[in-house]
Amino acid sequence: MKKYCSFFRVRFALGLQYRTAALAGMVTQFFWGGMNILMYRAFYEADAAAFPMTLQATSSYIWLQQAFLMLFAAWLLENEIFDDIVSGNVAYELCRPVNIYDMWFARSAANRLSRAVLRSFPILAVASLLPAPYGMAAPASAAHFLLFLLTAVLGFGVTVAFFMLVYALTFYTVSPNGLRILISSVVEFFAGAIIPLPFFPDGVRRVFEMLPFASMQNVPLRVYSASMTAQEMARAIGLQAFWLAALVAAGRMLCSHALTKMTVQGG
Amino acid sequence: MKTIQKLADAVRLYFHYVSLNVRSAMQYKASLLLMITGQLLVSFSTFFGIHFMFMRFSHVKGYTYEEVLLCFAIVLMQFSLAEMFARGFDTFSGTVRRGEFDRILVRPRSTVLQVLGSRFEITRIGRMAQACLMFAYVVSASPVAWTPLRVTTLAMMLLGGAMLFGALFQVYASLCFFTLDGLEFMNVLTDGGREYGKYPLDIYGKRVMQFSIAVVPYAVVQYYPLQLLLGRSANPWLAFCPLGVLPFAAICQLCWRYGVSRYKSAGS
């Protein structure tokens, strides 16, 4: 365990170095969130009765989504891991007395977390200063806030575990680009990154909510602004735990199978 | 005569670059196919986003589903045209960092031509295919009566829009001369322009309109000609509104020149 903690720590410290990049990213995300809210406002003005959550809850959802983008982003995959697999450098990693799945898991978790830490607080701080329905509201209650933290951790785990599958699959396809684009777009759509899941028609939404993708950002972002009932929350948390366990198990299996079949490319 | 010959020569060279790029992409056929499919699906997810929003809402600021889809298809096409041809600018930060720009400078050819030729994204055909599908659907489903004026408007929009996004990519690349790294902030203008350009710009309110007239002229390739296309305005001059991109593109070209003159090699 200690060695994985150090992988985590090293990677986390490395991620914290890119402060200018974080600043540029923050400005980007701020604009992105702002445009998104303006878009929902236009729909709200068109037909307020058809809006599935309050405008305030939608704004909070969007600001949280932007603030924690790096935790859940579907496009944030580690190029270094892909490069290692494609170039054959993975052979060196395999020489180390560590489990490659655990090592990569720790690494990508640290990478995401370090970027999110740099960006989230300034975005949330500025967003909470904005006027009422467009800014970031306080959590519905202390309990909702605690549940938000719990579901965010679970959702984060599900996200990392899911993308571990993509890394493992790269052992088979070698060139990662195609798989990567395909998967990111599918994940973004089903996770509620394009439009939040409550905006989907009920039948479609019920199916989507069962998928692992809904266990990523959807749950924590909706829990925060209390747009889920207690029963829905309990079910969602159960599903999150289930998917986390299932994805980690699948990833480990796939990884060890890939390693037995692996041909190292290049010398 | 000589300039024509030079131009023809440049075009030939560019297509030679393109064929090299395509052939190298063909070496990884499975990956290429997956990437094209991926690109196709990426923009489909945006389409479904609009689709599901309109299952709930019947209109937004008076625009119907079909009208928004037309706008979306046009902007998507503008962007994918620009991306296909100007992708070299997008990956330019790597070129500068690895010192590869030195090699470009020593060759007796235009820098822009060489940078553009360095990457040609065949995978962007996926996005383009989707824009075409969208067009086919919208043209058959929408109430727009296609007069010659409207067809001209559409052609002008595509041309102007592709130029606008291309110019933005060029500014993005010019900044790399100073920062060495791509600035993520520029994504707001390029990807953001595509992402939020799917709805007519006036739904975002007055400030966004002002920005897209005075700072980056999105409105001249989207909002104004769209009014003519959708029959909300009868002013035929709106068809030539996309020409308003030209001054902006000229400024971007100047930025690039300035960047090249200030270039200090970074590589070894």
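Each reported figure results from applying straightforward, stated rules to the coordinates on display, with no laboratory input. As the structure is a computational prediction, the values presented were derived from the model and not from experiment. Because the Cβ atoms are built from the backbone with ideal geometry, glycine has one as well, and the counts that use them run over all protein chains shown.
By the compact-protein rule of thumb, 2.2 N^0.38 Å, the alpha-carbon radius of gyration of the range B:37-173 corresponds to a ratio of 1.27. Taking amide H as placed 1.01 Å from N in the peptide plane, residue A:89 has no amide H partner under 5 Å among residues 5 or more places away or on another chain. Its convex hull of Cα atoms gives the protein assembly as shown a direction-averaged projected area, equal to a quarter of the hull surface, of 27.0 nm². Listed values for the range A:235-250 are Karplus-derived 3J(HN,Hα) couplings in whole Hz (6.51 cos²θ - 1.76 cosθ + 1.60, θ = phi - 60°), namely 5, 5, 5, x, 4, 4, 4, 4, 5, 4, 4, 5, 5, 5, 4, 4, and x replaces Gly and Pro. Here the range A:2-261 is treated as an ellipsoid with the same Cα gyration tensor; its semi-axes, largest first and in whole Å, are 33, 20, 17. Working from the Cα coordinates of the range A:45-144, the gyration tensor eigenvalues give, after taking √(5λ), semi-axes of 40, 15, 12 Å in decreasing order. When all alpha carbon pairs of the range B:29-261 are counted in 10 Å bins from zero, the resulting P(r) reads 8, 31, 34, 20, 7, 1 %.
In sequence order, the range B:201-212 has phi-based couplings of 4, 6, 5, 7, x, 5, 4, 5, 4, 4, 4, 7 Hz under the Karplus curve 6.51 cos²θ - 1.76 cosθ + 1.60, θ = phi - 60°, and Gly or Pro positions carry x.
Put the Cα centre of the range B:151-226 next to the Cα centre of the range A:161-176 and the gap is 35 Å.
Given a cut-off of 17 Å, what percent of all Cα-Cα pairs of the range B:1-58 lie beyond it? Value for the range B:1-58 (Cα pairs over 17 Å): 65 percent.
Averaged over the residues of B:51-59, the number of partner chain Cβ atoms lying within 10 Å of the residue Cβ comes to 5. Scoring A:184-194, A:13-23 by mean Cβ neighbours within 10 Å over their residues and listing the highest first yields A:184-194, A:13-23. Between the range A:214-267 and the range A:70-113, the C-alpha centres lie 17 angstrom from each other.
Evaluating 6.51 cos²θ - 1.76 cosθ + 1.60 at θ = phi - 60° for every residue in the range A:85-100, the Karplus couplings come out as 5, 5, 7, x, 5, 4, 4, 5, 4, 5, 6, 6, x, 10, 7, 5 Hz, glycine and proline recorded as x. Per-residue mean of foreign Cβ neighbours for A:34-46 is 5 (Cβ atoms of other chains, 10 Å radius). Note on B:21-30: average number of Cβ atoms from other chains within 10 Å of each residue's Cβ is 1. Packing order of peptides A:252-260, A:201-209, highest average first: A:252-260, A:201-209 (average count of other Cβ atoms within 10 Å over each peptide's residues). Could you list the trypsin sites (Lys or Arg not before Pro) in the range B:185-237 that lie in coil according to DSSP, counting only those with at most 16 other Cβ atoms within 10 Å of their Cβ? Those satisfying the criteria are B:232.
For the range A:1-55 versus the range B:77-146, the spacing of their alpha-carbon centroids is 28 Å.
Working from Cα pairs under 8 Å separated by at least six residues, relative contact order for chain A is 27 percent.
Take B:252-258, B:145-151 and order them by the average number of nearby Cβ atoms within 10 Å per residue, most first; the result is B:252-258, B:145-151.
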